[in-house]
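First comes the structure, then the notes that go with it.
The values are calculated or read from the model by the stated rules, or taken from the named source; none is laboratory data. All of these numbers come straight from a predicted model, not from anything done at the bench. Positions of Cβ are generated from backbone atoms using ideal geometry, with glycine treated the same way; all protein chains shown enter the neighbour counts.
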């Protein structure tokens, strides 16, 4: 692997003995992503050892892919709950019988302002952003509608040292009002912000399970909260341009191909990702086709 430093040093070992063969997996790029074979996630929801092996591979590869997962919504939710409690989305609808299973359905009738094609980590506008997600493809176009993930541990590792020094103590705001709320009438937008005030997170977070440093700004990030100091600002130009230019430079790191893996969906495919260490981008090149995805979002902890 050409990016050995981007492999988590503290992924948990698999404990216990079993007659079952280890999970077969194939690494997809040098820095991120692996495909699993001969695994049924319905069985993994009930098998402690199998789940532990999948989790270990997730910490190592950041995002895992499986094909031919013709599982029920109940099994989808049960597997995702092995990682932690699930949470709904305040704007995107969930399956009424399975709270926490968000339905991301796009069709020719979908509003053209409901987009996903922006680099982001899910729900960083929450005080405790999601730990990860399990996304299953229900229906997709024959061509188009891929999803791309980026390794934000590697993105931080590869930053110039002077940039690492500059951002090591910076903090930034993340907003649902400025993103999902932007298309709402002002009264609804302000009510959404009152319910979910802008969250403040470190620009570089520490992964709670591996100890790695993660570049933690994305499409939900609006501005730094502690950039305007004598060390960084001489005149107003340094503040208004210096801070915003630096933030856009950091957000743009997810777009570097060397940090990415791209998945071409088929029905019943599943992706499992670590939202703490990655960002993703849903490619909107398929309209007017139909694309139906169901995502179980897993509650996380407060970044530090």
Set 268, 232: member being in a loop (DSSP other than H, G, I, E, B), surrounded by fewer than 20 Cβ atoms within 10 Å (Cβ to Cβ) and in contact with a helix residue (DSSP H, G or I) (Cβ under 7 Å, 6 or more places away or on another chain): 232
Yes/no for residue 218 being within 22 Å of residue 129 (Cα to Cα), more than 19 Å from the chain's Cα centre (by Cα) and assigned to a loop (DSSP other than H, G, I, E, B): no
Subset of segment 167-182 [in a helix (DSSP H, G or I) and loosely packed, with under 13 Cβ neighbours inside 10 Å]: 182
Top-ranked residue in segment 128-159 [being under 14 Å from the mean Cα position of the chain (by Cα) and in a loop (DSSP other than H, G, I, E, B); ranked as nearest to residue 102 (Cα to Cα)]: 130
Some residue of segment 238-246 being surrounded by 11 or more Cβ atoms within 10 Å (Cβ to Cβ), more than 30 Å from residue 293 (Cα to Cα) and in contact (Cβ under 8 Å) with a residue 24 or more places away in the chain: yes
Selection within segment 250-288 - in contact (Cβ under 8 Å) with a residue 60 or more places away in the chain and over 30 Å from residue 78 (Cα atoms): 250, 251, 253, 254, 255, 256, 258, 259, 285, 286, 287, 288
Residue in segment 280-295 that is over 26 Å from residue 68 (Cα atoms) and buried (at least 23 other Cβ atoms within 10 Å of the Cβ) present: no
Residue in segment 117-127 that is in contact with a helix residue (DSSP H, G or I) (Cβ under 8 Å, 6 or more places away or on another chain), at pLDDT below 95, crowded, with 19+ Cβ neighbours inside 10 Å and in a loop (DSSP other than H, G, I, E, B) present: no
Of the criteria (1) over 20 Å from the mean Cα position of the chain (by Cα); (2) in contact (Cβ under 8 Å) with a residue 12 or more places away in the chain; (3) surrounded by fewer than 19 Cβ atoms within 10 Å (Cβ to Cβ), which one residue 200 fails: (1)
Failed criterion for residue 99 (all others in (1) closer than 27 Å to residue 193 by Cα; (2) surrounded by fewer than 15 Cβ atoms within 10 Å (Cβ to Cβ); (3) at pLDDT 95 or above hold): (3)
Residues of segment 26-47 classified as farther than 20 Å from residue 275 by Cβ, in contact (Cβ under 8 Å) with a residue 12 or more places away in the chain and not in a loop (DSSP other than H, G, I, E, B), total: 3
Only one of 193, 164, 188 that is without any contact (Cβ under 8 Å) to a residue 60 or more places away in the chain, outside any loop (DSSP other than H, G, I, E, B) and loosely packed, with under 14 Cβ neighbours inside 10 Å: 188
